């Protein structure tokens, strides 16, 4: 059994995208409100160049690739703590204000809106630009509107939702002049053929073919944040072909998330970080907090489940000062719930997880601890 980490485009869509891309200019015609880039970190770096210079406030629980390159483009980073529900610690931010800060990055983790009204209020109060990180939230909504339309800038990563080689967007709500990505002349034919092969492998459910394919062709991602490139022609064409299917993709992701949440309810040693799927959310993956994260990750992968760890801890982060966030990052595990996941995939994941939890030692409770938990009689 194989449970794929990422969605795949079928061969017909890949072939049509290759045909469309071959006749497309390497320089994309973006709109005034949106600029397309290869990767989300490039879009973020480009957006920061359109803002006044200064330091960027970044949550301590964030992917390393999103922030580790920012000093290279001249943007100092200051981390702020987050609470258990991943909302910013507004009291800490208020107590540690600095005149050097010019913008705040608000991350909508896993596709869930993150305290938007309070973020708008605080940024107005502190005279900060608000940047929404919607890398996980391409199809999510908040109060009936797509995420990313509240702050000054929003960064999207389409390739986290769609089967694209490259694909990210920088969005402005304020009419701000946005820099564009440079021409992307990458030959993505190999990636397109890999998509076709992957589709066939997952249809046959062959673990051997999957391992062989991964050794045969690697994805590879090289980029320079100082010279951000645009989306490649194949990915742009495939994104256009898939655009009529976005509502179906949203529905399938929500269905899979809800089904998995029901099955995991009450499992010991496994704690869903977002147990309730909110209205309007199109989830990126199913996040779990597991103390023995790496052990469970190995078990899942050895059973064909394309689970992954997230986020990588930024090398700029002081892990002693932000010990809670660093520990959460080391204990976060993601399960796939994308549009190619079917009920039999969910059943297989639940079976592997159930067996693993049953093998975990039961916490021993002493008589003194039990006695302390007993209700007191007046």
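Where a number appears in this text, it was derived from the coordinates with a stated rule and is not lab data. Since the structure is predicted, the reported quantities are computational estimates derived from the model, not experimental observations. Reconstructed Cβ throughout: ideal geometry from the backbone, glycine too, with neighbour counts over all protein chains shown.
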Check your understanding: Give or take rounding to whole Å, what are the principal axis extents of the alpha carbon atoms in the stretch 240-364, in descending order?
Key -> 48, 38, 28
Practice item. Mind checking the full-extension length gain between residue 118 and residue 83? Use 0.36 nm per residue of separation minus the Cα-Cα distance, one decimal, nm. Key: 11.2 nm
Check your understanding: Sorting 315, 49 on the 10 Å Cβ count, fewest up front, what's the list?
Key -> 315, 49
Study note, to complete from the structure: With R₀ set to 30 angstrom, the calculated FRET efficiency between the beta-carbons of residue 291 and residue 91, to the nearest 0.05, is 0.60
Check your understanding: If the label point is 7 Å along Cα→Cβ of residue 16, which residues in the stretch 240-274 have backbone nitrogen under 12 Å from it?
Key -> 240-245
Revision key, fill the gap. Quick calc: nm separation of the 7 Å Cα→Cβ label points for residue 263 and residue 309 -> 2.4 nm
Review point. If the chain between residue 49 and residue 98 were fully stretched, how many nm would it gain, using 0.36 nm times the residue separation less the Cα-Cα distance?
Key: 15.6 nm
Review point. How do the peptides 252-262, 280-290, 228-238 rank, highest first, by the average count of neighbouring beta carbon atoms within 10 Å per residue?
Key: 228-238, 280-290, 252-262
Review point. How much FRET efficiency would the formula 1/(1 + (r/R0)^6) give for residue 321 and residue 354, where r is the Cβ-Cβ distance and R0 is 45 Å, rounded to 0.05?
Key: 0.75
Review point. Which FRET efficiency, nearest 0.05, do residue 276 and residue 177 yield, Cβ-Cβ r, R0 45 Å?
Key: 0.65
